[in-house]
Each structure stands twice: as C-alpha cells, then as structure tokens.
Amino acid sequence: MNDKKIIFLMIASATILLFGGVFFLTKTTTPEIKASQNAKAYVSDPTSFDWGTIPMSKGNVVKSFTIKNTGADTLKLYNVKTSCHCTKAYITIDGADSPSFGMEGLSSWTGEVPKGTEAKLTAVFDPAFHGPAGTGPVNRFVSVETNDPANTKLTFTLTGNVVK
C-alpha cells in the first residue's frame with residue numbers, strides 16, 4: 001500500500017514540476033514602460049483601410065501605416081497585437097524590422113522611435129488562413145501601445161471581403 005502512495009506522489013510531483021517549468025519557461029514579461037509627456041505618437045494617414053475584394057487564391061494582402069514621433073522624447077511602441085491568427089503585424093524603425101506579432105501572448109519587444117522620425121506598422125492578412133469556409137466580410141484590428149499619455153493605444157482597422 002505504501003508503494004502505491006509513493007509512486008502516486010512521485011508522479012504527481014513530476015507532473016507539477018513539468019507544468020511549472022513549461023509555464024515559467026514560456027512566460028513572456030511585458031516591458032514596464034513609463035509615460036512621457038514629451039513623446040507624441042502622430043498617425044497622419046487614416047487608421048482604417050478597406051482592401052475591398054480579396055481573392056483567396058491571390059495570397060496575402062498588406063497595408064502599412066506610418067507612426068511619427070512629433071514629440072521631444074523617444075516614442076516607445078510595444079505590446080503589438082492582432083485580433084486574429086490570420087493577421088500578423090510588424091514594425092519597421094530605421095530600416096530594422098521587429099519580430100512578427102499575432103494575437104497570442106504579450107511580447108517583451110519595445111521599439112524606440114527617436115524624436116522627429118517615423119516607424120512603419122505593417123499588417124499582413126492571409127485570406128486563406130480559415131480555409132474555404134473563411135469567405136465573406138472580414139474586420140481585423142492591430143493595436144500598438146505607446147508611452148504617449150494622450151495616445152496610450154493606437155488601433156488600426158482593416159476590412160475587406162474574402163472571395164474564393
């Protein structure tokens with residue numbers, strides 16, 4: 001009887017250690033960004049875009065938005081997220097691309113846009129991601145958090161109509 005209890009406790013302990021290790025190894029911490037009164041996120045273009053008709057067979061469609069720092073301090077961009085797995089986004093600052101972001105989890109990546117310069121947010125939508133049943137109107141979002149207290153979160157809206 002004691003042997004069964006010992007085996008059970010060993011299995012339970014191993015399971016707890018395994019799941020705990022996976023949790024801590026895959027956990028991503030979000031950077032702690034302080035707001036700056038002198039960082040100003042300015043989006044000159046509209047923050048929405050309609051692709052119109054999107055043929056599923058033609059592949060991904062792309063739209064870029066410009067985010068300019070019109071303030072005196074460095075503008076920080078972080079926590080880039082999309083509203084669906086079919087949409088990815090990345091940010092380009094001074095010719096360097098960030099990792100690709102989706103809707104899963106938080107990222108430890110922070111982009112810094114020096115005063116007077118621009119960053120480019122690029123959204124990539126895969127119309128075939130949802131398969132043949134994924135036709136019809138789509139409405140997707142990309143959000144970016146900033147250290148500009150007047151614009152703590154920028155949201156970009158993308159629409160279209162996926163056809164076979």
**OP:** Can you tell me which residue among GLU112, GLU118 is more than 21 Å from PRO46 (Cα to Cα) and modelled with pLDDT of 95 or more?
**Re:** GLU112
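A quick yes/no check of all residues on (1) within 8 Å of the chain's Cα centre (by Cα); (2) surrounded by fewer than 16 Cβ atoms within 10 Å (Cβ to Cβ):
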{"position": "ALA89", "(1), (2)": "yes, no"}
{"position": "ALA96", "(1), (2)": "no, yes"}
{"position": "SER100", "(1), (2)": "yes, yes"}
{"position": "GLY111", "(1), (2)": "no, no"}
{"position": "GLY116", "(1), (2)": "no, yes"}
{"position": "LEU121", "(1), (2)": "no, no"}
Subject >> Subset of region 40-80 [assigned to a helix (DSSP H, G or I) and among the basic types (Lys, Arg)] >> reply: LYS58
Subject >> region 59-104, residues that are without any contact (Cβ under 8 Å) to a residue 40 or more places away in the chain, charged (D, E, K, R) and within 21 Å of ALA39 (Cβ to Cβ) >> reply: ASP94
Subject >> Which numbered condition ASN69 misses (of (1) under 21 Å from ALA119 (Cβ atoms); (2) surrounded by fewer than 18 Cβ atoms within 10 Å (Cβ to Cβ); (3) polar (S, T, N, Q)) >> reply: (2)
Original post:
Residues of region 123-138 being under 16 Å from the mean Cα position of the chain (by Cα) and not in a loop (DSSP other than H, G, I, E, B), which ones?
Top reply: ALA123, VAL124, PHE125
**OP:** Test GLY105 against the stated conditions and say whether it is buried (at least 16 other Cβ atoms within 10 Å of the Cβ) and either of a type outside the set (Asp, Glu) or within 19 Å of SER48 (Cα to Cα) (or both).
**Re:** no
Original post:
If you check SER107 against the conditions, is it within 15 Å of the chain's Cα centre (by Cα) and part of a loop (DSSP other than H, G, I, E, B)?
Top reply: yes
**OP:** Output the number of residues of region 76-87 satisfying the condition of being closer than 20 Å to LYS153 by Cα and crowded, with 18+ Cβ neighbours inside 10 Å.
**Re:** 8
Subject >> Subset of region 28-42 [surrounded by 13 or more Cβ atoms within 10 Å (Cβ to Cβ), at pLDDT 75 or above, under 21 Å from LEU106 (Cβ atoms) and of a type outside the set (Gly, Ala, Ser)] >> reply: ILE33
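The values are calculated or read from the model by the stated rules, or taken from the named source; none is laboratory data. Since this is a predicted model, take the numbers as computed values, not measurements. Backbone-built Cβ (ideal geometry, glycine too); neighbour counts: all protein chains shown.
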